[in-house]
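Novice: Take a look at the following structure, please.
Quick note: the coordinates plus some simple rules give every number you see, no bench work behind them. Model, not experiment: these values are computed from the prediction. Cβ: placed from backbone, ideal geometry, glycine included. Neighbour counts: every protein chain shown.
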């Protein structure tokens with residue numbers, strides 16, 4: 001049966017229709033974010049073997065900061081032990097959410113963008129089997145350490161490991177509208193490197209209820225890689241944003257409105273959330289990341305961003321199964337009046353072809369050009385562009401500082417969107433130097 005399903009999966013080759021562009025734009029009356037940045041350090045909660053739990057922030061702007069040490073299995077087990085309730089709730093909530101979204105897509109009432117070929121798989125085989133097809137299509141390109149970590153989490157929580165694996169395919173099946181920039185040199189004024197990753201996704205889903213910064217400290221029994229911080233949610237081991245101990249950071253945008261230069265997509269390759277995590281865990285320079293992306297078996301249409309604070313360099317990447325094109329401020333694409341080149345800045349607002357948002361992002365970047373810093377980005381760039389409704393990261397890579405804001409969770413008060421809420425400051429040097437718990 002498995003070979004039959006794999007053969008069926010081989011029949012699906014993805015094709016994208018070009019020529020369209022997004023028609024959204026920010027509210028012209030959008031206002032600045034006047035909330036003060038939270039600067040106190042994380043507060044200790046609990047420690048076990050291979051894990052320490054902290055909280056950061058206060059009141060309704062609170063996130064978990066979880067430190068993990070050991071092998072992939074040990075780190076997964078520690079997360080599952082310390083965060084058993086939250087991880088179980090998160091996995092089950094995402095599964096229910098995916099079921100509801102697929103049903104809505106089939107009924108024509110969908111909010112989340114889901115790929116047509118996946119909906120056909122669901123209609124033909126059911127949701128479980130459709131997701132198993134994705135796992136089969138990506139298995140040969142997925143490092144075994146991902147599944148080892150998932151197994152550890154499953155053993156600690158009692159969750160079916162296959163269920164955890166399945167929900168991690170959601171990134172390959174959906175498209176989020178997000179924004180990013182990298183700014184350095186004359187743009188920042190002090191030659192520092194500043195980077196944005198703003199996640200715009202469905203704030204009606206469960207993700208907003210489980211914000212977590214997971215700090216990995218790989219150790220022992222063949223574990224490799226450096227310390228890194230994965231910014232996302234409890235129980236989520238893929239990466240969509242984060243920073244490592246080598247002063248490198250990642251950004252990502254789902255390209256719902258590409259142009260013909262992207263070529264074709266494929267479902268066979270490494271899931272992009274795993275590739276981005278590999279960048280954080282293994283790459284020490286931006287050249288390492290360029291080589292990794294260029295030589296990987298890629299899948300869907302994306303725009304990626306990688307910054308290296310050691311070198312003060314940032315690259316944006318046009319990413320698909322067909323191409324991996326690397327951009328700096330001089331060769332930035334697409335070329336359009338609404339997407340002007342800005343010295344020492346690489347940026348995209350919400351998508352590849354998105355005039356309404358990219359033009360406002362360009363305006364705000366030009367407004368602060370020469371003095372652009374984390375404060376201006378937080379207070380007067382992302383809230384005016386209205387990007388980052390679910391989750392926002394601002395990386396001050398030269399200073400080794402990261403800022404994060406999460407959307408309003410269920411039952412919380414205050415503004416709904418992350419870009420309007422309080423940002424929390426993290427000293428990454430302190431995070432990466434955290435000592436392991438005593439055995």
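Novice: Before anything else, pin down the relative contact order of segment 311-409: Cα pairs under 8 Å, at least 6 apart, normalised by residue count, whole percent.
Specialist: Values: 103 pairs, mean separation 15.7, N = 99.
Across segment 311-409, relative contact order equals 16 percent.
Novice: Calculate, for residue 204 and residue 438, the FRET efficiency according to 1/(1 + (r/R0)^6) with r their C-beta to C-beta distance and R0 56 Å; round to the nearest 0.05.
Specialist: Working: r = 43 Å, r/R0 = 0.77.
Approximately 0.85, to the nearest 0.05.
Novice: Once you put a point 7 Å from the Cα of residue 27 and another 7 Å from the Cα of residue 135, both along the Cβ direction, what distance in nm separates them?
Specialist: 4.3 nm
Novice: Here's something else I'd like to know. Shape of segment 161-211 from its Cα gyration tensor (a ≥ b ≥ c, root eigenvalues): rounded if a/c is under 1.5, otherwise prolate when a/b > b/c, or oblate?
Specialist: Prolate, since a/c reaches 1.5 and a/b exceeds b/c.
Novice: Could you work out the relative contact order of the chain? I mean the mean sequence separation of Cα pairs under 8 Å and 6+ apart, divided by the number of residues, in percent. Each step should come with its number before you reach the end.
Specialist: Working: 1022 pairs, mean separation 96.6, N = 439.
It comes to 22 percent, rounded to a whole number.
Novice: Using Cα centres only, tell me the gap between segment 343-392 and segment 398-422 in whole Å.
Specialist: 17 Å
Novice: Also, quick follow-up: Full-extension gain between residue 160 and residue 190, please, as 0.36 nm times their residue separation minus the C-alpha to C-alpha distance. Walk me through the numbers before you get to the answer.
Specialist: Details: separation 30, 0.36 × 30 = 10.80 nm, distance 5.02 nm.
Taking 0.36 nm per residue and subtracting the Cα distance, the gain is 5.8 nm.
Novice: Rounded to the nearest 0.05, what FRET efficiency is calculated for residue 125 and residue 261 with R0 set to 35 Å and r the Cβ-Cβ distance?
Specialist: On the way: r = 33 Å, r/R0 = 0.96.
Once rounded, the FRET efficiency stands at 0.55.
Novice: Compare the peptides 210-220, 260-270 by average per-residue count of other Cβ atoms within 10 angstrom and give them in order, highest first. The partial results should precede the final answer.
Specialist: Working: 210-220: 22.1, 260-270: 17.8.
Listed from highest to lowest mean packing, they are 210-220, 260-270.
Novice: Show that you can apply the helix-only estimate: for the chain, add -39,500 (n - 2.57) for every DSSP H stretch of four or more residues, divide by all residues, and state [θ] at 222 nm to the nearest 500.
Specialist: Details: 13 runs with 135 residues, N = 439.
That comes out to -9000 deg cm²/dmol.
Novice: How much length, in nm to one decimal, is gained on full extension between residue 221 and residue 85, taken as 0.36 nm per residue of separation minus their Cα-Cα distance? Could the numbers behind the result be given before it?
Specialist: Numbers: separation 136, 0.36 × 136 = 48.96 nm, distance 2.86 nm.
Once the chain is fully extended between residue 221 and residue 85, it gains 46.1 nm.
Novice: Follow-up. Mind jotting down the distance between the C-alpha centroids of segment 63-78 and segment 117-188, whole Å?
Specialist: Value for the Cα centre distance between the two parts: 19 Å.
Novice: Quick one: if the Förster radius is 51 Å, what FRET efficiency do residue 48 and residue 363 give, using the C-beta to C-beta distance and rounding to 0.05? Each step should come with its number before you reach the end.
Specialist: Working: r = 49 Å, r/R0 = 0.96.
Step by step, r from the Cβ atoms, then E = 0.55.
Novice: If a/c stays under 1.5 just call it rounded; otherwise compare a/b with b/c (prolate if a/b is bigger, oblate if not). Do that for segment 345-430, with a ≥ b ≥ c from the square roots of the Cα gyration tensor eigenvalues.
Specialist: Details: a/c = 1.99, a/b = 1.13, b/c = 1.77.
Oblate, because a/c is 1.5 or more while a/b does not exceed b/c.
Novice: Hey, what did segment 353-439 get for relative contact order, percent, Cα under 8 Å, at least 6 apart? If you can, show how the numbers build up before the last one.
Specialist: Values: 102 pairs, mean separation 19.1, N = 87.
Over segment 353-439, the number comes to 22 percent.
Novice: If you don't mind, another one. Sorted from fewest to most neighbouring beta carbons within 10 Å, what does the list 287, 278 look like? Present the calculation step by step, with values, prior to reporting the outcome.
Specialist: On the way: 287 13, 278 21.
Exposure proxy ranking, most exposed first: 287, 278.
Novice: Over the chain, what is the percentage of antiparallel beta bridges among all DSSP beta bridges, to the nearest 5?
Specialist: On the way: 73 of 81 bridges.
So the antiparallel bridges amount to about 90 percent of the total.
Novice: Still on this structure, please answer the following. Quick check: convex hull of the Cα atoms in the chain, volume per residue, rounded to a whole Å³? Present the calculation step by step, with values, prior to reporting the outcome.
Specialist: Numbers: hull volume 58.5 nm³, N = 439.
Spread over its residues, the Cα hull of the chain gives 133 Å³ apiece.
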